[in-house]
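Below is one structure, written out as structure tokens; comments come after it.
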Amino acid sequence: MAFGRLERTSGPQPMSDINMTPLVDVMLVLVVIFILTAPLLASSIRLDLPRTEGATPGAAPQFVTLVVDASGQAYLDDQPLAQAALVERLQRIGAERPDTEVQLRADAAVPYGRVVEVMGAAQLAGLQRIGFVAEPPAAGAPAAASKTP
């Protein structure tokens, strides 16, 4: 001790690490709460509906098959049609049943412009549901490589 001076001792240093115990406790409590409440939220209302003859499900959606072969000839339901006759027939189908789906099958060699012409005729006739039909690759055949110029 030097003449009247008090020694200063360094106190405990502040802790720089986060105390993880309360964080883990809170997270475990939340996990348990979610485990208990999840089945209650996912439960559905169970009903015993009355039975009647008028409650039969609707018929399958109607469709027409539109095929464009390699030469560009259009076939509607396996009947060859010229472009004008195709447009007239599609308009008649669109007027009678506007929810009819058009299943379009086009040969790989058909130019894109011809496919667009046929699609445009169907859309102008009011047939908005058009499905493109393709075949899956053969079981033993490797996937076709993309053609890049």
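The values are calculated or read from the model by the stated rules, or taken from the named source; none is laboratory data. Since the model is a prediction, treat every value here as computed from it, not as a measurement. Virtual Cβ from ideal backbone geometry, glycine too; neighbours counted across all protein chains shown. For accessibility, only protein heavy atoms count, side chains too; no ligands or nucleic acids. Shrake-Rupley method; radii C 1.70, N 1.55, O 1.52, S 1.80 Å.
With PRO61, PRO50 as the choices, which residue is in contact with a strand residue (DSSP E or B) (Cβ under 9 Å, 6 or more places away or on another chain), of a type outside the set (Phe, Trp, Tyr), modelled with pLDDT under 90 and open to solvent by 80 Å² or more (accessible area, probe 1.4 Å)?
Exactly one of PRO61, PRO50 is in contact with a strand residue (DSSP E or B) (Cβ under 9 Å, 6 or more places away or on another chain), of a type outside the set (Phe, Trp, Tyr), modelled with pLDDT under 90 and open to solvent by 80 Å² or more (accessible area, probe 1.4 Å), namely PRO61.
Any chance region 96-106 includes a residue that's among the hydroxyl-bearing types (Ser, Thr, Tyr) and either buried (at least 16 other Cβ atoms within 10 Å of the Cβ) or at pLDDT 90 or above (or both)? So that I can check it myself, show each step before the final result.
Of all residues in region 96-106, those among the hydroxyl-bearing types (Ser, Thr, Tyr) come to 100.
Of the ones still in play, those that are also either buried (at least 16 other Cβ atoms within 10 Å of the Cβ) or at pLDDT 90 or above (or both) are 100.
The answer is yes; a qualifying residue exists.
Quick one: ASP69 ticks every box in (1) surrounded by fewer than 10 Cβ atoms within 10 Å (Cβ to Cβ); (2) acidic (Asp, Glu); (3) modelled with pLDDT of 60 or more except a single one, so which number is it?
Among (1) surrounded by fewer than 10 Cβ atoms within 10 Å (Cβ to Cβ); (2) acidic (Asp, Glu); (3) modelled with pLDDT of 60 or more, the lone unmet condition for ASP69 is (1).
Name the residues in region 23-38 that are at pLDDT below 90, of a type outside the set (Ser, Thr, Tyr) and open to solvent by less than 80 Å² (accessible area, probe 1.4 Å), would you?
Matches in region 23-38: ALA38 only.
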